[in-house]
Amino acid sequence: MIEVLYDHTGYLARGFATNLLISILSMGFGTVLGTVLGWLRARRVSGLGPLSHFGTNVCRNVPSFVLLFYMASMIPSEVEFGGTIMAVPLWIKATLALTFPVIGFTSDQSKGFFEQRRAGVSGAGEIFTIAWLQYFLIIIMASATASVIGADEIVGRANIVISQNESAQFLLVTYLYVSLWFLVTGLILSGIVKGLTRAR
């Protein structure tokens, strides 16, 4: 079993790269949009404050797992662009689904950041960064749910590897091996967070 997993490590690693891509893009888009909402809420911009608060609540409270199926069914599988029909990869749909909770999270955190900075509170940036890294870890873990809509990521690839040997022991060992990828990534991010905390 170990030899089989070793032979498939490169295949699984490419799947995990998709998990990281989904996570990075979700955090990137969500951080930009969430920061805009947080700024509008902190500034209490006339007419836009309530709207930004409503948008934050929507993004914060809709389960990403539900959004996965919504995106998978509502976004077409193919789009026509410049006369060419292009397939829409499932990892893009997963990225959009995970972007929503990031928007809600970042809106709350950035609102606090802008208010603290205005009040002259020191360390507001460090607090935001630490919270952001911790949430990034959550999103990386959540990226594994993309397998339920068929995205070509590490869990989906692990299922393909398992189908070649359907013994219960091989299934268990394979999933444990896959979980190690997430565990090691989590430990690296946790180490970064601890380093930033000590630096403060």
Return the residues of region 22-52 that are assigned to a helix (DSSP H, G or I), of a type outside the set (Val, Ile, Thr) and surrounded by fewer than 16 Cβ atoms within 10 Å (Cβ to Cβ); say none if nothing qualifies.
GLY28, ARG43, GLY49, PRO50, LEU51
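Checking the conditions here, which among GLU115, GLU80 is assigned to a helix (DSSP H, G or I), charged (D, E, K, R) and more than 26 Å from ILE140 (Cβ to Cβ)?
GLU115
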Residues located in region 83-99, provided they are modelled with pLDDT of 90 or more and assigned to a strand (DSSP E or B)
none
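The values are calculated or read from the model by the stated rules, or taken from the named source; none is laboratory data. Keep in mind the model is a prediction, meaning the values are calculated, not measured. Neighbour counts are summed over all protein chains in view; Cβ atoms, including those assigned to glycine, are modelled from backbone coordinates with ideal geometry.
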